[in-house]
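Everything on this sheet refers to the single structure shown next.
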Amino acid sequence: MRRRIGTRVFSPRFIEALEAHNGHRHALTEVSLDLSPAYLKGVRETCRNATGAHDKYHVIANLILATEKVRRREQKQRPELKDSRWLRRKNPENLSEEQTAELAVLTQSNLASVKAYHTNSAL
């Protein structure tokens, strides 16, 4: 019997191997997974004491998408934001002096996209 968790299969072979090595599925306390609710549901059903720990890649990817959505919305009212997408996504160490100055001016503004940028750079 196999259980579907999202698009992956949670195989009983994993549980059997865990128990063969003196482990138990309910002894698991953390499970790394992506942001799909299906994975979290599967962890809750299969390993009742485990909590889901979301991996950093998926958290940052979703944060970038949300930041970009905010920037696009603001760009319609503020045309100067048009070329700021890659400026914000580039590593600060790789910015030219001109780009660094442009980013400094941009980050001084009180825009929702700038607040989202600061949240993203804090990770």
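The values are calculated or read from the model by the stated rules, or taken from the named source; none is laboratory data. The shown structure was predicted, so the numbers you read here are calculated from the model rather than taken from an experiment. Cβ coordinates were reconstructed from backbone atoms using ideal geometry, including for glycine residues, and neighbour counts include every protein chain displayed.
Observations on the structure shown:
- Test result for residue 85, at pLDDT below 80 and not assigned by TED's automatic domain parsing to the domain that holds residue 36: yes
- Residue in the stretch 104-123 that is free of Cβ contacts under 8 Å to residues at least 60 places away in the same chain, charged (D, E, K, R) and surrounded by 15 or more Cβ atoms within 10 Å (Cβ to Cβ) present: no
- Wholly within the stretch 36-104, helices (runs of 4 or more DSSP H) carrying at least 2 residues that are closer than 30 Å to residue 12 by Cβ and in contact with a Gly (Cβ under 6 Å, 6 or more places away or on another chain): 37-46
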